[in-house]
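Every read-out reported here was derived from the displayed coordinates using simple, explicitly stated rules and does not represent laboratory data. Here the structure is a predicted model, which means the values were calculated and not measured. Don't worry about glycine lacking a Cβ; one is built from the backbone with ideal geometry, like all the others, and counts go over all protein chains shown.
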Amino acid sequence: MKNLNICHKIAALLSLTFLSLQSTAQQDPQFTQYMYNMSVINPAYATAEEGILNLGGLYRTQWVGIVGAPKTGSFFAHTPINDKIEMGISFTNDNIGDVVNENNIYADFAYVLPVGLESKISFGVKAGITLFDTNFDGFMLQSGGTNTDQAFDENISKAFPNLGIGAFFFTDNYYLGLSAPNMLSTKHLENENGIKATGVENVHYFFTGGLVFDINQKLKLKPAFMAKAVSGAPLAVDITANVLINEKLEAGLGYRLGDAVSALVNFRVRPDLRIGYAYDYTTNNLGSFNSGSHEIFILFDVDLFGLKRGYDRSPRFF
């Protein structure tokens with residue numbers, strides 16, 4: 001069991017080291033159901049549903065079968081304060097093999113302006129803290145039980161201030177968003193014992209969009225996309241197409257360029273409750289070593305003042 005635990009940590013740390021040292025690595029967590037986790041990605045995300053508190057949670061376990069593979073959880077809550085201001089909180093936990101643990105805790109603010117009869121644009125800001133922790137207890141680089149790399153002699157526990165910005169243009173049937181949820185570059189490993197600092201996290205930029213087509217009264221097509229860019233890395237692109245049936249059952253397929261194909265499904269249990277699941281099949285060179293990735297989410301709307309009337313509410317598509 002001890003050897004298994006050590007191997008577990010070695011695999012996780014090697015993954016972390018590769019991500020840190022290679023400037024071509026994406027570092028922020030990825031989400032297949034990004035269209036329902038928008039508050040985490042973009043602080044300007046707004047619904048303009050006064051009196052409604054929007055709650056959401058998502059959990060992702062990536063590359064199942066690879067020891068030390070990432071696991072990510074997120075939560076958000078936001079509500080309009082008036083017809084121009086929305087506020088909320090967002091939280092993300094990213095864990096790699098119980099060796100590396102990162103928490104991002106933010107307060108979100110969005111200012112919404114009408115730009116037409118049916119369209120609005122909002123500008124948002126995130127402000128909060130990133131908590132970065134490592135646990136190298138029992139970690140050995142060699143089977144003989146000696147650790148020859150001084151970078152792993154001590155555990156790390158640090159806090160960094162962070163800031164994010166975004167813009168979000170939306171109507172009832174489509175949206176476009178541009179954001180950078182973590183604007184401040186941080187060094188997770190400082191100079192220690194003469195070793196040069198590594199683990200710099202660069203700014204990630206997100207461009208998102210979605211649209212609803214009415215095929216007929218009971219059937220709607222919902223294409224969406226997300227592009228993620230970071231300095232020194234190739235552009236990461238997700239393309240998704242879902243079909244919405246009777247405004248309750250939604251199912252579709254997704255493709256992450258050069259990385260994975262996905263199947264998505266979600267169900268509106270009640271007008272104020274939606275649950276969903278996504279499965280990613282890995283198409284890159286890691287595909288031979290894992291059985292895919294799983295992701296679940298839940299969205300819940302709370303009518304704070306009893307102003308809405310259950311099933312008479314207009315559906316919110318995003």
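Exceeding 21 Å between C-alpha atoms, which entries from my cross-link table qualify? They are LYS120/LYS228; LYS84/LYS126; LYS158/LYS228; LYS84/LYS248.
The answer is LYS120/LYS228; LYS158/LYS228; LYS84/LYS248.
With θ set to phi - 60° and the Karplus curve 6.51 cos²θ - 1.76 cosθ + 1.60, what are the ³J(HN,Hα) couplings of segment 211-221 in order, to the nearest whole Hz, using x for Gly and Pro?
8, 10, 9, 7, 7, 7, 5, 9, 9, 10, 9
Taking the Cβ-Cβ separation of ILE105 and PHE267 as r and a Förster radius of 30 Å, what is the calculated FRET efficiency to the nearest 0.05?
That pair, ILE105 with PHE267, gives E of 0.50.
Using 0.36 nm per residue, how much length does the chain from ASP133 to MET183 gain when fully extended, once their Cα-Cα distance is taken away?
Contour length minus Cα-Cα distance gives 16.0 nm.
Taking the number of other C-beta atoms within 10 Å as the exposure measure, put GLU50, GLU295, GLU118 in order starting with the fewest.
The order, fewest Cβ neighbours first, is GLU118, GLU50, GLU295.
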